[in-house]
Each structure stands twice: as structure tokens, then as C-alpha cells.
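Shown next, in C-alpha cells, is the structure this report addresses.
The values are calculated or read from the model by the stated rules, or taken from the named source; none is laboratory data. Please read all numbers here as calculations on a predicted model, not as lab measurements. Using ideal geometry, Cβ is built from the backbone for each residue, glycine included, and neighbour counts are taken over all protein chains shown. Each accessible area value is taken on the protein alone, full model and side chains, heavy atoms only, with ligands, DNA and RNA left out. Shrake-Rupley method; radii C 1.70, N 1.55, O 1.52, S 1.80 Å.
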Amino acid sequence: MIESDTIKLLRECHAGIKMGVAAIDDVVDCVHDETLRKCLTHCKDEHNKLKEEIQILLDKYHDDGKESNPIAKSMS
């Protein structure tokens, strides 16, 4: 049996990763340095892999995850 704290942690990670991907999307088009652009793209790909892994775990435990806090999202 999985602990409820584990599901809460997965939810928070899921929301944080989605917020990170959105933040990268917001800035990547404004980046002029190709090295930085590649780094951001790589980070976004890694975030998306983590998001998929977490989603699999959330699905396994019949949980929909958590949406990012709109206030925290706008502040980032």
C-alpha cells in the first residue's frame, strides 16, 4: 500500500515540472545564444521525461495529479 504522503509528493513534483516546462517555453524563443537554447531544449526534454514517469505512477495509484498554482506560475 502506498502512503498518502507519497502521492502528495508526486502531485507536487508533477505540478512543479509542468511549471518548469512552461517557464522554459516562455523564454526559449527570446534566447539568442545557440548554446543556451540547446541547453534549455535539453532541460525541457528531461523535464518531459520526468513528467511522463510521474504520470505513470499517478495513473497507477488512480490520481490525476495537481495543476500548477496560477499565482506561483505567473510569478515565475
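In region 44-75, the residue that is modelled with the highest pLDDT out of those that are among the hydrophobic types (A, V, I, L, M, F, W, C) and open to solvent by 50 Å² or more (accessible area, probe 1.4 Å) is Leu50. Only residues that are polar (S, T, N, Q) and open to solvent by 70 Å² or more (accessible area, probe 1.4 Å) were counted across region 33-43, and they come to 1. Select from region 16-67 the residues that are assigned to a helix (DSSP H, G or I) and basic (Lys, Arg) and write down the one among them that is nearest to Ile2 (Cα to Cα). Restricting to residues being assigned to a helix (DSSP H, G or I) and basic (Lys, Arg), the top hit is Lys60. Based on what the data block shows, is Glu12 assigned to a helix (DSSP H, G or I) and free of Cβ contacts under 8 Å to residues at least 12 places away in the same chain? Answer is no for this residue.
Residues that are without any contact (Cβ under 8 Å) to a residue 12 or more places away in the chain and under 11 Å from the mean Cα position of the chain (by Cα) do occur in region 35-46.
Summed over region 20-31, residues that are open to solvent by less than 50 Å² (accessible area, probe 1.4 Å) and not β-branched (Val, Ile, Thr) total 3.
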